[in-house]
1. Identify all lysines with a Cα-Cα distance to B:Lys79 below 19 Å; exclude those on the same chain that are fewer than 8 residues away in sequence.
2. Picking from A:Val47, A:Gln263, B:Tyr300, whose Cα lies most toward the positive end of the charge dipole for the protein assembly as shown (charges on Cβ: Lys, Arg +1; Asp, Glu -1)?
3. Tell me, what is the FRET efficiency for B:Lys357 and B:Gln75 to the nearest 0.05, using R0 = 35 angstrom and their Cβ-Cβ distance as r?
4. Quick one: work out the % antiparallel among DSSP beta bridges in the protein assembly as shown, nearest 5.
5. Tell me which residues come under 5 Å, amide H to amide H, from A:Val252 once H is placed; ignore anything under 5 positions away on its chain.
6. Given C-alpha coordinates of segment A:50-137, what is the ratio Rg to Rh with the Kirkwood estimate of Rh?
7. Take peptide A:157-168, look around each residue's Cβ out to 10 angstrom, count Cβ atoms belonging to other protein chains, and average those counts.
8. Taking every DSSP beta bridge that has both residues in chain A, what percent is antiparallel when rounded to the nearest 5?
Amino acid sequence: MRNSFTSCSRGAAGFVGLFLAVVSAALAFGEWELRQSVYSDDEVGVVASRIGAVYERRVWPVLGDSRLGNALVGDSQLYLAFRPDYPGFLHLGLSGESTPMLEILVKEYFKFRAPGRVIVEAGPQLFSQRRLDFGTLGYDRYFKQNNWVQHALGIWSYMAEPGVSNNIGPLLQHKAARYQPEWMTAALAPATAAEAPTPEHWGLYPLEERLSYARQRVAVQRPVDAFEQTSHFAAYRRTIEFLAEKKATLCVLRTPLTEEYLQLIRDDPHYLQAYAAIQALAKVNGARYVDSQMLPITYSPENFDNQDHLNARGGALFAPVAEKACFS
Amino acid sequence: MLFNSFDFLFLFLPLTLLCTYVAARLLEPRLVITVLIAASLVFYAYSSIVYLGLFAVLMVANYALGLAIASKRTQLPEKRLLLALGCSLNLGVLAYFKYRAFLAANLNDAFHLGFKLESLIVPLGISFFIFQKIAFLVDVYRGRIQRLNFQNYVLFVSFFPQLIAGPIVHYGEMQPQFDRNPWSNVAASDVIRGISFITIGLFKKVALADNFSGYAEVVFKAADGGMAPSFSDAWIGCVAFGLQIYFDFSGYTDIAIGLAALFGIHLPVNFASPYKARSIIEFWRRWHITLSRFLRDYLYIPLGGNRKGGTRRYANLMITMALGGLWHGAAWTFVAWGVLHGTLLSLNHLWRHLCAKFVPLRQLSEHPAARPAAWALTFVAVMMSWAFFRAPSFAAAMKVSGAMLHVASGTSANLGWREFLFVAGGVVWVVLLPNSQEVVHRILALPDRSLPLVGLGQGIVFACSMYFMMAHQYEKFIYFMF
């Protein structure tokens, strides 16, 4: 067996050949599976779709359109105000985002795209302690393939993209479950306790409960002291500056909140300072600032899912008016 | 760059192999050294570009010192001075980056001072490459290295398979290999050996170690939060960590050995089924062998070893093991782990001494039942000691080790039968199955016609490991922290 590699035995050549063949096949299979599933929200997570939207120009079921360069930058308040079926925009945020993560995502998304109409959420909750604890949410490890060379060649691999390839386990389990006998599926299914149905909209909660829920949410979402000194506010500022430099048609939008929530923050200095700071930032960067309270819409509790999120009905009411106010 | 990453396995490694092959076959075999040095520096810079300069400065400074020590014109006192200077430089750098915050905190506690030193980002692999450089200087001083060659030296200190976490190699074992230009004629057996080691190592890391880590995490995190674990949780957590660190570190070493083999280089074995050991002395001959060798040759023996009587021997053992513990990390828990092992080693030596002196004890130790009992005792002692190594604080270590000694203790962190069986399976694996070297040895002894089937099997294992690796988001190797 001590012969040189170039004149090795047939057995050794077979060893190496079959090893490489299996590994290559596994790589190709994984890449193919990820490419199929990254588009479908029920098989891989939204992070994978969002990374996919940076690389690919298409319409995404959960995120919207990545072809045009119009984007919505915020968290669930903005996401539910403009539902994914609202045409012409791509949602870069979805829920519980942090501003450092949004900064990375925005910069990567517009690295090789000219920004068009971009709406950035004016959300004081982005500077609450809970969000500050999130950091970059791991996004600093993604997008290594979003470089000039690979962009020019149009070559990238989802297997080499950690935020996508980490779904390979659940994805293969999901595939395997399709061929699993029913008795096995039933045996493996986790036991779930029956949950009480959630009321269809905010108006169905008794007033006392609404106030109590709103109070809890306001406390959790309150910006931290000296939030302007935090790295998260710096990331938010850099995101707006970046978009302004890229000549985006920029709008900073304050999304609707329930009456209970609004009452509680009306005299809260943390919230007031945050809105003022965001408004000032918009002004400095030449962005239009739109306050949902100034729009000609009358909201009722039936337009909300909960304390601070519009439901589909509320979104349908709000989104076209807000877009018009932003860009007309 | 992690060995268990897509970039390394499917970009860096194939490119380096290709460049090496082209240089060795089509250009000049000695050019391969330059190619490997460049690849190694890229490998280091990828993870730690900030400290590439420090790495290069230390490399050149140590070589210059080595040259000065080796020079025939240098007198013995000057050689000693230069060696002391070199060791101080290396240990000073290590202390500055790794121990300064620890030192300051302890000085503050002891003397109520107000030093404010923040922890720095520790240069990757510093504990390993500093030891390697000290060994180099000492070997030059002792006349074990006759001929110095700068290119060989640079490759010796930077060779990427062993750069971050060993095995800790000696210049004397690498130079002759580099001189032979092994890459110009890599044997088929080396390629099979390399692929086999990489496949086994990757599987150990991503399929075993990364899965055991969760069980240990639950227990030690709870203990750190002030919760005393139950007896069963403490044992499951500690044994899970014992398995995690073994599969993690030996997996890393297997990959390192396999990578080197692909270039025709042989790295020393670092693990030889340590959990099969029937004494602590045997455990340390099987666990992190190259570190044990370093501590023995460059610390224990220079301290006097066993040449100055029983008491001195035990004291030397304690000092060596305490410093060995501290080498792992800047925390008293690591020192406690080292002291614990020093104590166990001393007790083991004392027992051997008594057995040699008293016939009944010798008969007892030679009884057939003594073998499994000795294994069990060693296993339990080693597992209990891991509590200090793993715990984030002394209080947490005491909570876990305390719970391991009290059957009716603490609260459960929900580690049940499933976790117990998984951990028990891991114990059976490490105790009954052959280790990586034995597996690879058996593969190489197979008839030629069987090799394609083995290649197919290894391809499947590698592919599964690749999927595990991605699912786990490329978890770091534990020893990258040290």
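Where a number appears in this text, it was derived from the coordinates with a stated rule and is not lab data. Only a predicted model underlies this, so the values are computations on that prediction, with no experimental measurement involved. Glycine gets a Cβ as well: all are built from the backbone with ideal geometry, and neighbour counts include every protein chain shown.
1. B:Lys133
2. Farthest along the dipole direction, towards plus: B:Tyr300.
3. 0.15
4. Bridges in the protein assembly as shown are about 30 percent antiparallel.
5. A:Val120, A:Arg288, A:Tyr289, A:Val290
6. A ratio of 0.95.
7. Neighbouring Cβ atoms belonging to other protein chains average 4 per residue here.
8. 30
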